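Heads up: the structure comes next, in structure tokens.
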Amino acid sequence: MENEIIAQENLVYKKPALMNDVTMHYCPGCSHGVVHKLVAEVIEEMGMEEKTVGVSPVGCSVFAYRYIDIDWQEAAHGRAPAVATAIKRLWPDRLVFTYQGDGDLACIGTAETIHALNRGEHITIIFINNAIYGMTGGQMAPTTLLGQKTSTCPYGRVPEIHGYPLNITDLASRLEGTCYVTRQSVESVGSIRKAKAAIRKAFEASMAGKGSSLVEIVSTCNSGWKLSPVKANEWMKEHMFEKYVKGDLKDTTL
Amino acid sequence: MIYGGAGAGKRVMTSSSSPGVALMQEGIAYMAGAELPGVFVNVQRGGPGLGTIQPSQSDYFQATRGGGNGDYYVIVLAPNSVQEMADFVDLAFELAFKYRNPAMILSDGVIGQMMEKVVLPPFKPRRTDEEIMRECPWATFGRTKDRQPNVITSLELKPEVMEQKNLHLQEKYQQIREAEVRYETQHVDDADYLIVAFGSAARIAEKAIEIAQEKDMKVGLFRPITLWPFPEKEVVAAAKGKKGVLVVEINAGQMVEDVRLSVNGEVPVAHFGRLGGIVPEPDEIVNALKEKF
């Protein structure tokens, strides 16, 4: 039998039903697609399809609402944590998360991010950190590494001119309102599994009313970094992980 | 937060004084673009910038012209008493939800700090979640299997689609213009002169009209209650045949532009205002009437 291999009992993997059948606008090699899939999988596995509201940012993932089949609100630049705060407080039994990049979260929306986390809003922030403004052409972001070349610091970031990289996840771990703060990545199967477990833990903490959760995904932007997808992953492992150290920074969910 | 709460179908509002409301313009424009209902109260103080904490009406342009980016309007109600401050909250919510558009109560530091008797409007119970789901099928509270996902957004990259979205908004604004104009008049029919004023300036104008009557000047009052939509036709009718129209505002001349655009040169229109937190005296208004016409 030719089709035996795709029999139900042999099924070990499938696309999450919540992922819409549309072509993604993300560049090949971008981390967004993997993280979208993990978010969709976790919502499905928690059975929260009908009780989840996502808040999408401004940036490459501005169209997150096209890809995951749930209710969404599209926030203004950086304001996603404030928007999520209102939704969660007004519908407390819903799962509310934001999905934001570093330009949106760590620059334009620093105030919203810090205060939502510090208030202990029962929301999860998924934070994609690729150390540049990817959508607008690879400009320097607060998270850009020292020495890293971008279109607005073409000779590399130097602290005398550009200041230091902002490690907002470390900051978040020191805030009393946060219950779970972690830094993950999605460049390998092992990393993807850990990132998924982290998203699940954060979503569960939100639903259990334990406080704010921040899941940073250290990511690549191979287009903005002007590297191939494989080289971008290597560059990330070599440079990004040194500054943005992976692992749980805070966990009071137990 | 107002955007988020409104997008979740709930009755949400916020209030501030001028510089705070300036900060909110981003959110108001996003709400207009995403067609979200919500109420903003601006108890105006003098500007520009940090300005002063004394009363002013100098945010008229900001409130009636949009304030944020893009082609949009906010429904603007101007209370002239503490009673109207109370009544207009319910009215603003009603209009905001009827048209899925932000509404603003444009008050000022005089009304905001005044003490007056108030009959509170009847208490309305909070809507249940089921009622909200029924009344706001567009809101985000979790996609049930029987419908498509709701997405609250003002974004559209295709210009031909965005133009249609804009045309839809303009159609809605036209409906509001036709149905929601509110105003009040006093002694207009037998008057030689007309004062046009809103909010606390209209209260002061009432006293000025009394003083003018004692001096045998016949002056009527036209008080726009909705500043947007502006009562264009109605102010034209009230101004018809008058010797002059004096627009009294606590600013350097903002609503006077709408009055001039409406009256369109048929009657002389002048402006009188005090600035920087100074509130005009009734006598000053009477003198301005004498001087300008």
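Coordinate-derived values only; no laboratory data. For clarity, every value in this text was computed on a predicted model and none was experimentally measured. Virtual Cβ from ideal backbone geometry, glycine too; neighbours counted across all protein chains shown.
Taking segment A:121-181, which trypsin sites (Lys or Arg not before Pro) meet the DSSP loop condition and have no more than 12 other C-beta atoms within 10 Å?
Values: sites: A:LYS149, A:ARG157, A:ARG174; in loops: A:LYS149, A:ARG174.
Loop-located and lightly packed - A:ARG174.
Any idea how far the Cα center of segment B:129-207 sits from the one of segment A:43-77, in Å?
28 Å
Based on the Kirkwood radius over alpha-carbon pairs, what value in µm²/s does the Stokes-Einstein equation return for the translational diffusion coefficient of chain A at 37 °C and 0.692 mPa s?
Here the translational diffusion coefficient equals 179 µm²/s.
Would you please give the FRET efficiency between A:LYS226 and A:ASP248, computed as 1/(1 + (r/R0)^6) with r the Cβ-Cβ distance and R0 = 30 Å, to the nearest 0.05?
Numbers: r = 32 Å, r/R0 = 1.08.
The calculated FRET efficiency here is 0.40.
Which entries of A:LYS194/A:LYS237; A:LYS88/A:LYS210; A:LYS37/A:LYS194; A:LYS210/A:LYS246; A:LYS196/A:LYS231; B:LYS124/B:LYS172 show an alpha-carbon separation above 18 angstrom in the structure shown? Walk me through the numbers on the way to the answer.
Values: A:LYS194/A:LYS237 16 Å; A:LYS88/A:LYS210 13 Å; A:LYS37/A:LYS194 14 Å; A:LYS210/A:LYS246 23 Å; A:LYS196/A:LYS231 24 Å; B:LYS124/B:LYS172 27 Å.
Table pairs above 18 Å Cα-Cα are A:LYS210/A:LYS246; A:LYS196/A:LYS231; B:LYS124/B:LYS172.
Apply the Kirkwood formula to chain B: the hydrodynamic radius equals the inverse of the mean of 1/r over all pairs of different alpha-carbon atoms; give it in Å with one decimal.
On the way: mean 1/r = 0.0497 Å⁻¹.
Mean inverse Cα-Cα distance, inverted, gives 20.1 Å.
With the Cα gyration tensor of segment A:150-232 in hand, convert its eigenvalues to equivalent ellipsoid semi-axes via √(5λ) and list them largest first in whole Å. Please report the intermediate quantities before stating the final value.
Values: eigenvalues 172, 80, 11 Å².
So the equivalent ellipsoid measures 29, 20, 8 Å along its semi-axes.
Check A:VAL58: other-chain or 5+ apart residues with amide H under 5 Å from its amide H, H built from backbone geometry?
Counting only residues 5 or more places away or on other chains, the set is A:GLY78.
Provide the three semi-axes, in whole Å and in decreasing order, of the ellipsoid equivalent to segment B:183-292 as defined by the square roots of 5 times the Cα gyration tensor eigenvalues. Don't skip to the end; give the middle numbers.
Numbers: eigenvalues 65, 56, 31 Å².
One finds semi-axes of 18, 17, 12 Å for segment B:183-292.
How many angstrom lie between the Cα centre of segment B:222-284 and the Cα centre of segment A:167-215?
Result: 58 Å between the Cα centres.
Filter the chymotrypsin sites (Phe, Trp or Tyr not before Pro) in segment B:58-142 to those in DSSP coil with at most 10 other Cβ atoms within 10 Å of their Cβ, and list the result.
Values: sites: B:TYR60, B:PHE61, B:TYR72, B:TYR73, B:PHE88, B:PHE93, B:PHE97, B:TYR99, B:PHE123, B:TRP138, B:PHE141; in loops: B:TYR72, B:TYR73, B:PHE123, B:TRP138, B:PHE141.
Sites meeting the loop and neighbour criteria: B:PHE123.
Return the FRET efficiency for the residue pair B:LYS145, A:ASP170: r is the Cβ-Cβ distance, R0 is 41 Å, and the value is rounded to the nearest 0.05.
Working: r = 41 Å, r/R0 = 1.01.
Once rounded, the FRET efficiency stands at 0.50.
Average partner chain C-beta neighbours within 10 Å, per residue of A:48-55? Before the final figure, lay out the partial values.
Numbers: counts 1, 4, 6, 4, 4, 11, 3, 5.
Per residue, the number of nearby Cβ atoms from other chains is 5 on average.
Order these by the 10 Å Cβ neighbour count, fewest first: A:HIS36, B:HIS168, A:HIS77. Walk me through the numbers before you get to the answer.
On the way: A:HIS36 22, B:HIS168 11, A:HIS77 18.
Ascending number of Cβ neighbours within 10 Å: B:HIS168, A:HIS77, A:HIS36.
Which three extents, in whole angstrom, do the alpha-carbon atoms of the protein assembly as shown cover along their principal axes, largest first?
Largest to smallest, the principal-axis extents are 101, 57, 46 Å.
Out of B:VAL188, B:THR144, B:TYR173, whose Cα points farthest toward the positive end of the dipole of segment B:102-191 (charges: +1 Lys, Arg; -1 Asp, Glu; placed on Cβ)?
Looking along the dipole axis, the top candidate is B:THR144.
Mind ordering A:187-197, A:222-232 by average Cβ neighbours within 10 Å, highest first?
Working: A:187-197: 16.1, A:222-232: 17.6.
Highest mean packing first, the order is A:222-232, A:187-197.
Loop only by DSSP, 11 or fewer other Cβ within 10 Å of the Cβ. Give me the trypsin sites (Lys or Arg not before Pro) in segment A:52-123 that pass, ordered by residue number. Mind showing how you got there, number by number?
Values: sites: A:ARG66, A:ARG79, A:LYS88, A:ARG89, A:ARG94, A:ARG119; in loops: A:ARG79, A:ARG94.
Filter output for segment A:52-123: empty list.
Can you work out D for segment B:29-167 in µm² s⁻¹ from Stokes-Einstein, where Rh is the Kirkwood radius over C-alpha pairs, the temperature is 10 °C and the viscosity is 1.306 mPa s?
92 µm²/s
Compute, for chain B, the length of the dipole vector about the Cα centre, with Cβ point charges of +1 (Lys, Arg) and -1 (Asp, Glu) only. Units Debye, rounded to 20. It would help to have the intermediate numbers written out before the result.
Working: 32 positive and 39 negative charges, 129 e Å.
The dipole of chain B has a size of about 620 debye.
Placing +1 on the Cβ of each Lys and Arg and -1 on the Cβ of each Asp and Glu in segment A:27-251, which of A:ALA198, A:ILE43, A:ILE132 has its Cα farthest towards the positive end of the resulting dipole?
Of A:ALA198, A:ILE43, A:ILE132, it is A:ILE132.
What FRET efficiency comes out for the pair B:LYS165/A:ILE5, r = Cβ-Cβ distance, R0 = 51 Å, nearest 0.05?
In this case the efficiency is close to 0.60.
Counting only other chains, and only Cβ atoms inside 10 Å, what mean value do you get across the residues of B:147-155?
Values: counts 1, 2, 11, 6, 10, 11, 8, 2, 6.
Whole-number average of other-chain Cβ neighbours for B:147-155 is 6.
Could you please rank B:ASP108, B:ASP283, placing first whichever residue has the fewest other Cβ atoms within 10 Å of its Cβ?
B:ASP283, B:ASP108
As a test, work out the antiparallel percent of DSSP beta bridges whose residues both lie in chain B, rounded to the nearest 5.
On the way: 7 of 34 bridges.
Among the beta bridges of chain B, antiparallel pairing accounts for roughly 20 percent.
Calculate, in whole percent, how much of the Cα-Cα pair population of segment A:38-181 lies beyond 26 Å.
Working: 2750 of 10296 pairs.
Summing the P(r) of segment A:38-181 above 26 Å gives 27 percent of all pairs.
Which whole number gives the average count of other chain Cβ atoms within 10 Å of the Cβ atoms across peptide A:58-67? Walk me through the numbers before you get to the answer.
Numbers: counts 1, 0, 0, 0, 3, 4, 0, 7, 2, 0.
For this peptide, the per-residue mean of nearby foreign Cβ atoms is 2.
Under 13 Å Cα-Cα from B:LYS165, which aspartates and glutamates qualify once same-chain neighbours fewer than 8 residues away are excluded?
Partners found: B:GLU35, B:ASP71, B:GLU156.
Ranked highest first by the average count of other Cβ atoms within 10 Å around their residues, in what order do B:27-40, A:17-30, B:203-216 fall? It would help to have the intermediate numbers written out before the result.
Values: B:27-40: 24.9, A:17-30: 14.5, B:203-216: 16.8.
Peptide ranking by packing, descending: B:27-40, B:203-216, A:17-30.
Among all the aspartates and glutamates, which ones have a C-alpha under 18 Å from B:LYS240's C-alpha, if same-chain residues fewer than 8 places away are not counted?
B:GLU184, B:ASP189, B:ASP190, B:ASP192, B:GLU232, B:GLU257, B:ASP258, B:GLU266
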